[in-house]
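Each reported figure results from applying straightforward, stated rules to the coordinates on display, with no laboratory input. From a predicted model like this one, the values you see are computed outputs, not experimental measurements. Cβ coordinates were reconstructed from backbone atoms using ideal geometry, including for glycine residues, and neighbour counts include every protein chain displayed.
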Amino acid sequence: MRVIREIAEMQAEARANLLRQAEIGFVPTMGALHAGHGSLIQRAAEENEVAVVSIFVNPTQFNDPGDFERYPRTEEEDIARCEEWGADIVFIPTANEMYPAEHETAVMVPRLADHLCGLSRGRGHFIGVCTVVSKLFHIVQPVRAYFGQKDMQQALIIRRMVADLNFPLEIVICPTVREEDGLAMSSRNRLIPPHFRPNATALYRALCLGRDRIRGGERDVNALCQMMAENILQHQPIEVDYLSICSLATLEELERVEFPLLLAGAVVLGGVRLIDNIPLASAEA
Ligand code: AMP
């Protein structure tokens, strides 16, 4: 496995692979890797001749500078795990090379971004995500790119961007990997103060309850969201950032249950923001 830190070297590697018709599978990450990332990397390694993982804590997608500073960075460990999971190349660019002082181009997908995390984290968040992912796609030249369902809004926005801007690649969305108690794995989980850790499953449990009530015939979205919020708030000191039942196609909030839909939420626990979601194709799904 090679570690590449310069954009020109990654581009040369991508060109060499294109010339020998070797397909590149790509997993963009912000590091602090866990088994959720591992599932994407292993799949990329299985389905492509060359698997590339990028590790870049992208400053432009953080609305809160404190959150950017606190974001866990575990590069040495990450490189070792990438090798175990079957990556061929780990690309670790620097912020200075990704964003030189004169950099000004941005990519946005305004309608899909105007919901859920796009509202709570501000418009700049998904502009930062789309811009950095576009740059990485151009640099790495993948045939397939792998994203987690854990960040469903992000995956749908990137899929829209790829279709709209004719990137010649496929977006593969992979299932959410969870801890044994149901908590969705996340780099941020290691920031949860240990005495709050038992409360961290509250969001997933509330989303499951919402899903079960929908399966049981409840169709009133307000009633469902209220029930989920009350359920979460039993696990003080957790705060609800948002809870939504929205169209899986447009991410627009629903009033009555209509399929396919997404149950999605964000909470803050001990200063750490956690997100999760459950897609539901039908009442039987
Ligand atoms: P991040 O490093 O948080 O930017 O995540 C990099 C990629 O891994 C994104 O496509 C995430 O959706 C995905 N990912 C993060 N956590 C999980 C998880 N628990 N299960 C599956 N994919 C995940």
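Miscellaneous remarks
- Once the Cα atoms are used to define both axes, helix 124-140 deviates from the longest principal axis of the chain by about 30 degrees.
- Value of relative contact order over the chain, rounded to a whole percent, pairs C-alpha under 8 Å and six or more apart: 17 percent
- For the range 154-279, the square roots a ≥ b ≥ c of the C-alpha gyration tensor eigenvalues yield an a/c of 1.5 or more together with a/b not exceeding b/c, which makes the shape oblate.
- Each peptide in 150-156, 116-122 receives the mean, over its residues, of other Cβ atoms within 10 Å, and ordering these scores from highest gives 150-156, 116-122.
- Summed side-chain charge close to residue 176 - residues other than residue 176 whose Cβ falls under 15 Å, Lys, Arg +1, Asp, Glu -1: +1
- Charged neighbours of residue 122, selected by a Cβ distance under 14 Å, balance to -1 (K, R count +1; D, E count -1).
- Helical content of the chain, expressed as a calculated mean residue ellipticity at 222 nm, amounts to -11500 deg cm²/dmol (DSSP H runs of 4 or more residues, -39,500 (n - 2.57) each, divided by residue number, nearest 500).
- Loop GluC sites (Glu not before Pro), the range 72-162 (other Cβ atoms within 10 Å of the site Cβ: 10 or fewer; DSSP): 102, 104
- When peptides 226-232, 165-171 are sorted by average Cβ neighbour count within 10 Å, with the highest value leading, the order is 226-232, 165-171.
- Highest mean packing first, where packing is the average number of other Cβ atoms within 10 Å per residue, the peptides 14-20, 198-204, 106-112 line up as 198-204, 106-112, 14-20.
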